[in-house]
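Here's the structure, in structure tokens; my notes come after.
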Amino acid sequence: MLRRLSGLATRRRRAVLVVTVLLVLVAGVASSTLFGKLSAGGWDDPGSESGQATDLLEDTFGQSPPNLALLVTAGDGVDDPAVSAAGAELAQRLADEPHVRDVVSYWTAGQATQLRSEDGEKALVLATITGDETEVNERVGGLADDYGGSLADGVTVEVGGFAAFSHELTEQSEKDVVTGELIVFPVTLIALVLVFGGVLAALLPLAVAGVTAMLAMGLLWVLAEMTELSVLAANVVTLAGLGLAIDYSLLMVNRFREELASGREVPDAIRATMASAGRTVVFASLTVCIALATLTLFPLGAMRSLGYAGVVTALLAAAASLVVLPALFAVLGNKVAATRFRRRPAGDAAAENGFWHRLAMFVMRRPIPIATAVIAVLMLLGAPFLGMKLGYLDERVMPESSQSRHVATTIREEFPSGEQEALQVVAPSAVAEAEAGPDPVVVDDYAAQLSALDNVSRVDGLTGSYVDGAQVAPAGPQHERFAAGDAVYWVVVPDPGTTDQTRDLVTAVRAADAPFETVVGGTPAMAEDSDRALLDRLPLALGGVGLAMVVLLFLLTGSVVLPFLALVLSTLSLSATFGAMVWIFQDGNLSDLFGFTVTGTTISTVPVMLFALAFGLAMDYQVFMLSRIREEYERGASPTAAVALGLERVGRIVTAAAVLISIVFLAFLISDITYMKAFGVGLPLAVLIDATLIRGALLPAAMRLGGRATWWAPGPLRRLHARFGLRESSASAAEDPASTGSEHAAVK
């Protein structure tokens, strides 16, 4: 396949480039409407108990949790006659809007105190915008423009609710993608010029990265037509695509320049590059795909969409590196090798005097003390991970300037009950044996029982409203909506409190002795169910990644020891990364530096997604490094010499790749969304720890201690590897013994 691709790039180079440009243009046009198709949701499990409750409320009662909140602020108080009239008119105007239903306000619901702030200067209008998430996202933008602003003299209206939050999150994500790319490209170009010593060679990885990013956005548009995609996919995948494309093309450009320097003609250099570095790119992209594919095992839409899009992007990055880049090599030829800086010569003599060779030998002369010190540092960094406290995505991920955040914060802090955190308890069949409908006595008793639970402010149901185990309001016309046929439901409003208290309330409500089968929904229940779904699927995902890593690294190295060693080292590396993330984002250290709001929790989905991305990238560097060490070992080097030579030949290219991809991921820090900042810190940290402390110190120390036993495999597996194993050594090296330089040779 790689030979055919190299032949295509040589013979049809202009056709390849023309087709690529046309595809990029088509993808660019299609992706211009991409963000209108993306969702800010997907953070809950639709098949969970809370998901069932949501479906029952919609299908049976025609009820949906309010997703639009208008916060009306009046300096003269919301009970002022003029303000009351304006508020009632506002609610009626909203009720007359198409695709808006279930409008309730402080002024039209009998002056319900839960819809008025404690100081009397603010009141709420709640409503539900109908449609799927894409339609709601489009409709809320127009409503926000129409209803936000001044209502009357001294009376203002702010637009909030989940629909507004989702709309703002989508708009902010789109801005972040554009801003991130504008920053990443020039900074990365400067770094590439320093790596390659020439502008033309530095432009090639950026060209491949641009093609990858545009095609990835176009394919996301196609995927969004077929399935729900989270807005997170566009943010992460765009920059991950850039990073992977630069990573792979860096390897390809470096190898091609070496082949030209060895005296090969351009077509031969392309073939040799494809046979060596091209093979590594194929293998490395498959490892990233496997790591990201594990996200599709989780039922949460945001994670599944990131898994789908991540796999597509990794394959596109590899395809662009293997198709577009060779065509550019064929067109530019020897110009790619032009450099203004002196490059370090390749060869064994130079390798034995290089920094990475000296570092490896230094480590391997003192493996136990160095390994002990590095492990101690990693465990110290990882210690905060033991205190990780999972939380749910809420408005605090947005900047303080966000209107939806301000509305949600005001409701939480200034209104007398936790309306935003209300639970819905649904009984699909509550028919008494001798009755034609729900038994009012049973319904009344159960509502009173729920209202007596700790941290409950109020319970509303078919038979009235309840507080502290007693009825405080009789049934009225507003309570008729709580029954439909044989089914009834209750709304349990918690006291304003902490996340732990609302989570405890979910457990208490579900454990309450109900007279009929019930399911519990609402935001806290969704958060609880999402965490449970993550924990239930996590062993399967980790087991799948671990098994794939063991198999792939065995095929690469022929050892049964190295794959398990790599698992241990990766665990240490990622534990340190997660510990630092908890210390920074959960505990709030450096919050002023990075500019985010401390919530005291870690969004439960972020560590899993960060793990998949970081693990896939770490696998890239393991492929680069272990393949070169294996090649030196097969050429007859001793275990110690193989590690030192391999590390020298690949160390600089891995470091350059790690620095470049870290620059790309640091662009996440410009985002005003907290969880995007977490990616901007976590991914570079994971990459740099893996490329320095792990590969520069722990790997050489561990392989020195293991010696030849590191390469051990039982006889049957050795024969299996001899037949099916994957090797890094290039075809060109076999054809010309003089050209034995590594495809990962040093670049300055």
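The values are calculated or read from the model by the stated rules, or taken from the named source; none is laboratory data. Here the structure is a predicted model, which is why all the values come from computation and not from measurement. Note that each Cβ is placed from the backbone with ideal geometry, even for glycine, and that neighbours are counted across all protein chains shown.
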Here the residues within region 674-724 that are touching a Pro at 6+ places or on another chain (Cβ under 8 Å) and of a type in the set (A, V, I, L, M, F, W, C) are ALA701, ALA702, MET703, LEU705, TRP711
Residue set GLY696, GLY682; condition at pLDDT below 90 and touching a helix residue (DSSP H, G or I) at 6+ places or on another chain (Cβ under 7 Å); output residue GLY696
Within region 285-311, of all residues that are more than 15 Å from the chain's Cα centre (by Cα) and closer than 30 Å to ALA15 by Cα, the one surrounded by the most Cβ atoms within 10 Å (Cβ to Cβ) is SER285
Taking region 627-657 and the residues there that are buried (at least 22 other Cβ atoms within 10 Å of the Cβ) and of a type in the set (Gly, Ala, Ser), the one that is modelled with the lowest pLDDT would be SER627
Of the residues in region 193-202, those that are in a helix (DSSP H, G or I) and surrounded by fewer than 22 Cβ atoms within 10 Å (Cβ to Cβ) come to VAL193, LEU194, VAL199, LEU200, ALA202
Do the conditions hold for SER591, that is, is it among the hydroxyl-bearing types (Ser, Thr, Tyr), without any contact (Cβ under 8 Å) to a residue 40 or more places away in the chain and closer than 30 Å to ILE670 by Cβ? yes
Conditions (1) hydrophobic (A, V, I, L, M, F, W, C); (2) assigned by TED's automatic domain parsing to the domain that holds PRO326; (3) surrounded by fewer than 21 Cβ atoms within 10 Å (Cβ to Cβ) -> ALA9 fails only (3)
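Restricting to region 459-516, and then to whatever is acidic (Asp, Glu), farther than 23 Å from SER64 by Cα and without any contact (Cβ under 8 Å) to a residue 60 or more places away in the chain, can you tell me which residue is surrounded by the most Cβ atoms within 10 Å (Cβ to Cβ)?
Applying the first criterion (acidic (Asp, Glu)) to region 459-516 yields 460, 468, 480, 486, 495, 500, 504, 513.
Then drop every residue that is not farther than 23 Å from SER64 by Cα, which leaves 468, 500, 504, 513.
Of the ones still in play, those that are also without any contact (Cβ under 8 Å) to a residue 60 or more places away in the chain are 468, 500, 504.
Values: ASP468: 13, ASP500: 13, ASP504: 18.
Per the criteria, the residue is ASP504.
Pick out the one residue from THR605, THR599 that is of a type outside the set (Lys, Arg), at pLDDT below 90 and either buried (at least 22 other Cβ atoms within 10 Å of the Cβ) or closer than 17 Å to LEU688 by Cβ (or both).
Working: THR599 fails: either buried (at least 22 other Cβ atoms within 10 Å of the Cβ) or closer than 17 Å to LEU688 by Cβ (or both).
Exactly one residue qualifies, and that residue is THR605.
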Check your understanding: Based on what the data block shows, is ALA667 over 28 Å from ILE368 (Cα atoms) and assigned by TED's automatic domain parsing to the domain that holds SER276?
Key -> yes
Scanning region 135-192 for residues that are acidic (Asp, Glu) and part of a helix (DSSP H, G or I) gives GLU135, GLU138, ASP145, ASP146, GLU168, GLU171, GLU174, ASP176, GLU181
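So that you can scan it fast, the table gives a plain yes or no per residue for (1) at pLDDT 90 or above; (2) touching a Gly at 6+ places or on another chain (Cβ under 9 Å); (3) crowded, with 18+ Cβ neighbours inside 10 Å:
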{"position": "LEU126", "(1), (2), (3)": "yes, yes, yes"}
{"position": "ILE129", "(1), (2), (3)": "yes, yes, yes"}
{"position": "ASP132", "(1), (2), (3)": "no, no, no"}
{"position": "ALA144", "(1), (2), (3)": "yes, no, yes"}
{"position": "GLY149", "(1), (2), (3)": "yes, no, no"}
{"position": "VAL159", "(1), (2), (3)": "yes, yes, yes"}
{"position": "SER166", "(1), (2), (3)": "no, yes, yes"}
{"position": "VAL187", "(1), (2), (3)": "no, no, no"}
Expected output for region 157-186 (first residue at positive phi, partner of a type in the set (A, V, I, L, M), Cβ below 7 Å, 6+ apart or cross-chain) is GLY161/LEU68; GLY161/ALA69
If we keep only residues of region 58-85 that are among the hydrophobic types (A, V, I, L, M, F, W, C) and surrounded by fewer than 20 Cβ atoms within 10 Å (Cβ to Cβ), then the residue nearest to PRO428 (Cα to Cα) is PHE61
